1. Take every Cα pair under 8 Å in the range B:306-420 that's 6+ residues apart, average their separations, divide by the length, and report that relative contact order as a whole percent.
2. Return the loop-located trypsin sites (Lys or Arg not before Pro) in the range B:455-487 (DSSP other than H, G, I, E, B) with at most 16 other Cβ atoms within 10 Å of their own Cβ; answer none if there are none.
3. Using only the Cα atoms of the range B:428-486, build the gyration tensor, take square roots of its eigenvalues as a ≥ b ≥ c, and label the shape rounded, prolate or oblate: rounded if a/c is under 1.5, else prolate if a/b is larger than b/c, else oblate.
4. Quantify how strongly other chains surround peptide B:283-294 by giving the mean number of their Cβ atoms within 10 Å of each of its Cβ atoms.
5. Under 18 Å between alpha carbons, and skipping anything fewer than 8 positions from B:K312 in its own chain: which lysines qualify?
6. Given an 8 Å cut-off on Cα distances and at least 6 residues of separation, report the relative contact order of chain B as a percent.
7. Put +1 on the Cβ of each Lys and Arg and -1 on the Cβ of each Asp and Glu in the range B:5-298; which of B:H62, B:I114, B:S293 then has its Cα farthest toward the positive end of the dipole?
8. In percent, what relative contact order does the range B:428-486 have, based on Cα pairs under 8 Å that are 6 or more apart in sequence?
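Laboratory data are not the source of any read-out in this text; all were calculated from the coordinates shown. None of these values were measured; they are calculated from a predicted model. Reconstructed Cβ throughout: ideal geometry from the backbone, glycine too, with neighbour counts over all protein chains shown.
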Amino acid sequence: MSRGLTELTVSEAGDRLAESEVTAEALTEAHLAAAEAARALNIFVCETPDRALEQARASDARRASGEILGPLDGIPIAVKDLFCTEDVPTTAASHILDGFTAPYESTVSAKLKAAGAVMVGKTNLDEFAMGSSNATSYFGPVKNPWRGKTGKDLVPGGSSGGSAAAVAARTCLAAIGTDTGGSIRQPASLCGVVGMKPTYGRCSRWGIVAFASSLDQAGPITRTVRDAAIVLGVIAGHDPRDSTSARVEVPDFETALRAGDVRGLKVGIPKEYRVDGTPDEIEELWERGADWLRDAGASVEAISLPHTEYALPAYYIVAPAEASSNLARYDGVRFGLRVPGESLDEMYENTRGRGFGPEVRRRVLIGTYVLSAGYYDAYYVKAQRVRTLIARDFHKAFERVDVVLTPTTPSAAFPIGEKMDDPIAMYLNDVFTVPANLSGLPGISVPAGLDADGLPLGLHLIGRPFDEETVLRAAQALENAAKFSGVPDFVEARR
Amino acid sequence: MSFAIEGEAGAWEVVIGLEVHAQVISRAKLFSGAATDFGAEPNTQVSLVDAAMPGMLPVLNHECVVQAVRTGLALDAKINPVSVFERKNYFYPDLPAGYQISQYAQPVVGEGTITLDLDDGSTREVGIERLHLEQDAGKSLHDQDPGRSFIDLNRSGVALMEIVSKPDLRSPEEAGAYLRKLRAIVRYVGACDGNMEQGSLRCDVNVSVRMEGETELRTRTEIKNVNSIRFVMQAIEYEARRQVEAYETGEVVVQETRSFDSGRGETRSMRTKEFAHDYRYFPDPDLLPLVVSADEIERLRADLPELPDVKKRRFVDELGLGPYDAGVLVAEKETADYFEAVLAKGARDPKQVSNWVTGELFRMLNMRGVGIADSPVGPENLGRLIDLVADGTITGRIAKDVFDDMAESGADPAVIVKDKGLEQITDEGAIEAAVEAIVAANPDKAGEVRAGKTKLIGWFVGQVMQATGGKANPRAVNTILLQKLRD
C-alpha cells in the first residue's frame, strides 16, 4: 500500500485526500519511509519527520472540519536547502553556514506552508547552488536514482540535484528548487522528472540564500506537467519584500493547462542550439519532440538566436560577479562558521578559506576579478551587453513563434567524479538552459525518453515573459506524446 | 576674500572640495523598516536586512528619495529621472553585507549651485558636483573590552545623502561658509537635522595647493570625517601649509587619506594609495533603477519652503532690511522663523524687530549659551515688548531692563512694567521739577554750559534719567533741559 502512495502524482494524491481514500498522515508516512530507505542516495541534508507528521495531522484535522487550504494541503514535498526555513537549519550545503537556523521563513516555503504542504525534509544541493552535478556539496554528492546500464553511481545534476532525485526516488510528490543557470531544469532532465524555471520575478527571492540575484528563480520539480502547474500556482506572486518580484497577476495555471491544447501554436527550433559533440540520440530526441508538437497541431519552424554562443561565457561572468558580492556576508562575524585568527583579516581568511569549498572559492575569485578596476568594462560590462543582445534575440524570435524547443542538456547523467577536474566541461552542462536565465524567460524540462544506456533525457521549452501558461501547455503536449514511463533503477529495485 | 600661503617660491593657492554626509530625516532606514532614532541601546534598531542575514533583500524607502530630491531642488540641481544603486564592496565587521549600497555612476541628483554668504557681506557661487543616496555603516566599538571589538548595527543602513562640491573653494573661510550654508539649506528643507556633534552631518575634506596662476590641479589629499566647522577650517589651514612645505622642500604630496587630530590641530596619514580599496562597484541586482517622475519632481518643487537666499532677498526688498542683517536673520532657519513670528502680529517695524533679534536677543542667548529654539523669551513676548516701546509706554532704555527681567522670569513684559512701575514719565511738570532740582544742585556745571561747553548737556540728561529711574521721556528731558540751561 505504502509503495502505491509514493507512486501518485500531486493531483492524484489530492483527489484521494479529497475522497478520504487516504489521510495526509498515511501519505506522509509512506514518503518518510521512502526517504529513509533512500538514504544511500544522500538526497536530504536534513529530514524533518516529526514536523512532517505534525503538519500532516494538522492537515487531516483541517480536512475533517471542512477547511482545506488548497491543492497542496497534506501533500508531502521537499525543499532545497537554499530556502531559509524557520526552526529547521539552512545550510546551502556549505560548511560556512554551520549551525545556522534562520529566524524567518522564505516567501516561497512560507507559501507552501500556508497552503498546507507537508515538508519531509530539506534537500542536498551544490554548495551555494554552484554546480551542475551536486558534487560540490559539503555534505557529499547525491546519487542519481537512475543507473541505467552503466552500473555506476551517476550524478543527479545540479544544483537542485537533491530535489530532482527526491522526486525521482519517490521520497516526496513534489519539490522546490532554484534555477540560476539551469539548476532546476538540468537535474530534472538527468533524473527523468519535470522541472520548471518560471519567469524572473514570478516568484519571490526573499529568504532564498542568494547566488546570483539577477538570475536566481525558484520553481517546482514534479513528476508531471500538471503537478508543476499546481505547485507553481502556490509559490508564485508579487512580494513587496523583493523589489525584483513582478506586480503581475498569477493566472490559474492548472485550469489554463486543462483548457488549452497546442493547435495553432508556433514552435521555434533555434539552429544555433546544434552544438558540436551533442550525442546523436539527443539530436534525434529533439527532432522527435518537434514532430510530437506538429502532430498535436502546432506548426514548427526554424529560428535564429544569433548570440547563443556567447550566452555561457556571459553567464560565467555575471553569475560569479554577483556571487562574489552576495557571499561577502559570510564573514564569520554574525552567524555560521568562524575560524579564529590573529587579526581580523586572518579571521576572514581562515573562515572563508575553510568555510567555502573549491568551486565556491573559484567563483568568488572569478567574480572578484571581473569586477576589479581595469577589468570591469572588459568583462562585466561586456557580459551585460551580451545579455541584452541575447534577450533581444528571444524578443525577436517571439514575434514569430510562441515557444522555443531545445534539448535540456547536452548529455545524460554522467558518473560521479567525472568532469570534476574540468570546470569548462562541467559548465557546458548549462549550455541550453543558461539563455533563459540571462533573458529572464520561463523554461521547463520534460522527460522525453531514454538514451541507449537507459538514462532519461529531457526536452526543454522556453516561452515569453510571464507566459508560463503557453509553456506548460506545450510541455503537456510533449509529455502526452512522449509517454515517458521510465522508473529509476533505485525505485525499481525496491519494488 | 583672498587666501594665499606665501612660500619661498611665491604665493600658493589652496583648492578645496568638500564631501558632506548628511543623515536623512526619515522614520525608517534606506532599505529596511528599522527605526533610526539617535542614542538607542546598541543593536536595538536592526532589521534582518540591516544585519545582512542570508536571503534578505533591500526595499527602497521612498521617503528618503523624497528628501534627497527636495535637497537637490534646494541646491538648484538637476534631478536625474533615472538613477542606479550600486554595491561598493569591502570587508569590515560593521558592514554586515560586505558591501554598502550607494550610488556611483548615476546619482539621483546632478550638478547644482550653492551661494556662499561671506563675512564681508559679499556672496560667491560654488558648484555642487552631485548628491547621492547611500547606506550608513554600523559602528565598531574598540574601547569596551581589551581583547575584543563590539559592533553596534543601529546605524547600519541609515540613509545618508552624500553631497559633493566642485573644487571651487579657495580658503578655510569659504569652506566654513559653504558648510554653514549647506547646513542651513538641509535644515530649511527638513532633510537633515544638521547636527555635527551627533554625527548627522559629517565632512570629508579634499585639499590640494598650487602656485598662483597654475591652471591644473595638483595631487589632493582627503581628510576624513571632520566633525565641526571649526575643525574643517583648521584642518584645511594645516594641510595646505603642510603641502606647501612639502613642495618647497622637494618632497612629493601623495594621494592619500588623512585624519584630523583636533587636539594637536594636525592631519595625519591613514593609508596611502597602495592600500587603497578596489571597491568593485556594480549595479545592485536586488534593486531596480530608481525612477523619479517629472510630476513628482514638480510636486516636490512646489512644496519646498522658502529658502534662505529667497528669504534674504525678500527681507531686503520688502522689509527694507540691510543685506547684512537680512543675511544674519536667514542664516539659521530657527532665527528666521523667530523673526517672522515676531513680525507676524501687529504692525511692527521690521527694522526694530531685526535690531532686537540680532542685538539684545542674540546677546542674551550667547550669554546663556542656549539656542534660539530654547530662548526664555519667545517671539510673542518680544513682540509685546517692542510694542510697549513703540506706543510710548516705556522708554528704550527701560525696555532693555525689562528684557533682562523677561529672560530671567519668562514673564509678560506688560506685567513686569506694571508691577515695577516702569511706565514712561511724560508729565512735563514732573520732568521739569526733576530738571530744576539737578540744575540747582550743580550751578558750576550749569554755568559751564551757559558759557558754551555744550558737551556737558549729555551729562545733565544722564543725571535726570538717573533721577527718574530711566523712566522720563528722553525727548521731553532734552527740551526742558535746554530751556533751563539757557535761562
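1. Working: 97 pairs, mean separation 23.2, N = 115.
About 20 percent, as a whole number.
2. Working: sites: B:K455, B:K471, B:R475, B:K484, B:R486; in loops: B:K455, B:K471.
Within the range B:455-487, the qualifying trypsin sites (Lys or Arg not before Pro) (loop, at most 16 other Cβ atoms within 10 Å) are B:K455.
3. Numbers: a/c = 1.73, a/b = 1.67, b/c = 1.04.
It comes out prolate by the Cα gyration axes.
4. Working: counts 4, 5, 12, 9, 3, 2, 0, 0, 0, 0, 0, 0.
Other-chain Cβ atoms within 10 Å of each residue's Cβ, averaged: 3.
5. Correct list for B:K312: B:K181, B:K333, B:K351.
6. Here the relative contact order equals 14 percent.
7. Projecting each Cα onto the dipole axis, the largest value belongs to B:H62.
8. Values: 44 pairs, mean separation 28.1, N = 59.
With pairs under 8 Å counted, the relative contact order is 48 percent.
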